[in-house]
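The values are calculated or read from the model by the stated rules, or taken from the named source; none is laboratory data. Quick caveat, the model's predicted, so the values are computed rather than measured. Cβ sites come from the backbone with ideal geometry, for glycine too, and all protein chains shown count toward neighbours. The area values use the complete protein model at the heavy-atom level, side chains included, leaving out ligands, DNA and RNA. Shrake-Rupley method; radii C 1.70, N 1.55, O 1.52, S 1.80 Å.
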Amino acid sequence: MAKILLRKENLFYNLDIISKKAGSIEKVAVVLKDNAYGHGLIEIGKLASEYGIKKAVVRTIDDALKIEKFFDYIVILAEKSFHTYSHTFHIALNTCEDIERLPINSNVHIKIDTGMHRSGIKPSELEKAILGLSKRNIHITGVFTHHKGADELSTNFFWQKAVFSSIKENVKKICEQLSLPIPAFHSCNSAALFRTSDFDEDFARVGIATYGYIDNADVFKFPKLKPVMSLWANRISTRTLKKGQSVGYGGKFSATEDMIVSNYDVGYGDGFLRLNERKTYTTPKGYKVLGRVSMDNLSLNTDDEKVCIFDDVNALAKVHDTITYEITTTLNPNIEKEIV
Ligand SMILES: *Cc1c(COP(=O)(O)O)cnc(C)c1O
């Protein structure tokens, strides 16, 4: 089967840039949701911890349990069953409805909706949430928000930042009145961190930049990062395609002269999104994906034993009219990972 190589050197390079921007390693929470954006939850968790990162962000408690030994502090973004409790876990409160469902003595980060209108409590519900949680002996260890377009040129980013600033003041006031400790504040994803010149929050939640990408990096003159993942495929078979013969479903690629064609063991079933006659892609070494991608394989104009399918997903994201995030997270979690 195909294989994903993870370049430790590139991951550490990105973490150097990120922790410098954030001010210290302690101010970086590495986002490992969705199998670390397809890179492998355990693999990236272990490497980030080896680098010295202490905080992580995941989607569920099950994911948090898998990486608990690597981190001191884990923020869980979207758990609904609240079944296990650990002092390293900090569960996001996405709606006031969940106040009664959170385990007593658990650590909670209150998510505030500052304008994305996806999840999070309304700024006007802040006092009610803090009172409700503290009444149940739940520790409010964080208050956070999420930007709807930190990687886009618009005023949204500054607007939400201003809303969150006033939330922080309000939280401090309420906590002082109730003699509660001041929680940690965090609002930045990768793009927001790099757009902030005076980062002063407790930590940033850094996903895509960890893996070597940020959308619109040129527009904002963000630092160059290095993609961590590359996808490799093995040759299954080789033949000579005679002039006029075609390859694959629908016979959509026809040889204009005799040529060598090989079949490689990666396809859309592995999460390498399907390419067809309208979507063309060339590998880093210059081999062309010929015709349509099959479920478990694709054809290239080479007979190399192993081929690097990609070592940077920006080109594929363009081909598929999507973002780098979708290309890497879609990869099948069963693809073997090797750290190099
Ligand atoms: C996914 C996610 C992040 C990370 O965003 P990147 O753009 O990948 O850095 C941060 N915060 C929340 C709430 C998220 O869901």
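Structure values in brief
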| quantity | calculated |
| --- | --- |
| Check on Phe220, open to solvent by 30 Å² or more (accessible area, probe 1.4 Å), in contact with a helix residue (DSSP H, G or I) (Cβ under 7 Å, 6 or more places away or on another chain), within 16 Å of the ligand (Cβ to nearest atom) and within 26 Å of Asn10 (Cβ to Cβ) | yes |
| Of the criteria (1) under 30 Å from Tyr211 (Cβ atoms); (2) more than 25 Å from the chain's Cα centre (by Cα); (3) open to solvent by 30 Å² or more (accessible area, probe 1.4 Å), which one Tyr268 fails | (2) |
| Helices (runs of 4 or more DSSP H) wholly inside segment 28-104 that include at least 3 residues being buried (at least 23 other Cβ atoms within 10 Å of the Cβ), in the same structural domain as Ile140 (by TED's automatic domain parsing) and of a type in the set (Lys, Arg) | none |
| Restricting segment 158-200 to residues that are of a type in the set (A, V, I, L, M, F, W, C) and over 19 Å from Glu125 (Cα atoms), the residue that is nearest to the ligand (Cβ to nearest atom) | Ala191 |
| Single condition Phe203 does not satisfy, out of (1) in contact (Cβ under 8 Å) with a residue 40 or more places away in the chain; (2) more than 16 Å from the ligand (Cβ to nearest atom); (3) of a type in the set (Phe, Trp, Tyr) | (2) |
| Residue check, Lys148 of a type in the set (D, E, K, R), within 16 Å of the ligand (Cβ to nearest atom) and without any contact (Cβ under 8 Å) to a residue 60 or more places away in the chain | yes |
| Residue in segment 207-217 that is of a type in the set (Phe, Trp, Tyr), in contact with a Lys or Arg (Cβ under 6 Å, 6 or more places away or on another chain) and modelled with pLDDT of 95 or more present | no |
| Leu225 being over 24 Å from Lys111 (Cα atoms) and more than 10 Å from the ligand (Cβ to nearest atom) | yes |
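Here is a yes/no grid of residues against (1) touching a residue at least 40 places away in the same chain (Cβ under 8 Å); (2) part of a helix (DSSP H, G or I); (3) over 22 Å from Ala36 (Cα atoms):
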site: Gly250; (1), (2), (3): yes, yes, yes
site: Asn263; (1), (2), (3): no, no, yes
site: Phe272; (1), (2), (3): yes, no, no
site: Thr280; (1), (2), (3): no, no, yes
site: Ser294; (1), (2), (3): yes, no, yes
site: Ser299; (1), (2), (3): yes, no, yes
site: Cys308; (1), (2), (3): yes, no, no
site: Ile327; (1), (2), (3): yes, yes, no
site: Leu331; (1), (2), (3): yes, no, no
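Results for (1) modelled with pLDDT under 95; (2) more than 17 Å from Ile214 (Cα to Cα); (3) in contact with a strand residue (DSSP E or B) (Cβ under 6 Å, 6 or more places away or on another chain), shown as yes or no for each residue.
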| residue | (1), (2), (3) |
| --- | --- |
| Asp16 | no, no, no |
| Lys20 | no, no, no |
| Ile25 | no, yes, no |
| Lys33 | no, no, yes |
| Leu41 | no, yes, no |
| Gly45 | no, yes, no |
| Glu50 | no, yes, no |
| Ala64 | no, yes, yes |
| Glu68 | no, yes, no |
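Residues checked against (1) more than 25 Å from Ser81 (Cβ to Cβ); (2) touching a residue at least 24 places away in the same chain (Cβ under 8 Å); (3) more than 16 Å from the ligand (Cβ to nearest atom):
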{"residue": "Ser24", "(1), (2), (3)": "yes, no, yes"}
{"residue": "Val31", "(1), (2), (3)": "no, yes, no"}
{"residue": "Gly45", "(1), (2), (3)": "no, yes, no"}
{"residue": "Ile53", "(1), (2), (3)": "yes, yes, no"}
{"residue": "Asp63", "(1), (2), (3)": "no, yes, no"}
